Amino acid sequence: MENDKRIYKWNNVKLFLIFLVIFGHILDREASPSRLMETINFWIYSFH
């Protein structure tokens, strides 16, 4: 473990982004069309 150069913050960032992708897919299928949901969906898919 002494030579472990992993930056654990990046693991957390990647986990958060994966969660947003999954959340975006769920919103895309299940959410009712509203301005707020469209904005959230656009924001998530801007980097998907």
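Here, each number is a calculation from the coordinates, and none is a lab measurement. All values reported here derive from a predicted model rather than from experimental measurement. Cβ atoms come from the backbone with ideal geometry, glycine included; neighbour counts cover every protein chain shown.
With respect to the chain, whose longest principal axis is taken over its alpha-carbon atoms, helix 8-30 is tilted by about 20°.
Across the stretch 32-37, computed HN-Hα scalar couplings (Karplus, 6.51 cos²θ - 1.76 cosθ + 1.60, θ = phi - 60°) run 6, x, 9, 5, 5, 5 Hz from first to last residue, x flagging Gly and Pro. In plain terms, the chain from Asp4 to Ile22 could stretch by 3.5 nm, reckoned as 0.36 nm per residue minus the Cα-Cα distance.
Going through the stretch 1-47, which chymotrypsin sites (Phe, Trp or Tyr not before Pro) have at most 15 other Cβ atoms within 10 Å and a DSSP loop state? Walk me through the numbers before you get to the answer.
On the way: sites: Tyr8, Trp10, Phe16, Phe19, Phe23, Phe42, Trp43, Tyr45, Phe47; in loops: Phe47.
In loop regions of the stretch 1-47 (DSSP not H, G, I, E or B), the sparsely surrounded chymotrypsin sites (Phe, Trp or Tyr not before Pro) are Phe47.
Listed values (1) 12.9, 42; (2) 15.2, 51; (3) 10.6, 31 include one computed from this model; for Rg and Dmax of the Cα atoms in Å that value carries the label (2).
Please give the charge dipole size of the chain, origin at the Cα centre, charges +1 on K and R Cβ atoms and -1 on D and E Cβ atoms. Round to the nearest 20 debye. Show your work: numbers first, answer last.
Numbers: 6 positive and 5 negative charges, 27 e Å.
Rounded to the nearest 20 debye, it is 120 debye.
Quick one: length gained pulling Trp43 to Asn11 fully straight, 0.36 nm per residue minus the C-alpha distance? Numbers along the way, then the final one.
Working: separation 32, 0.36 × 32 = 11.52 nm, distance 2.13 nm.
Length gained between Trp43 and Asn11: 9.4 nm.
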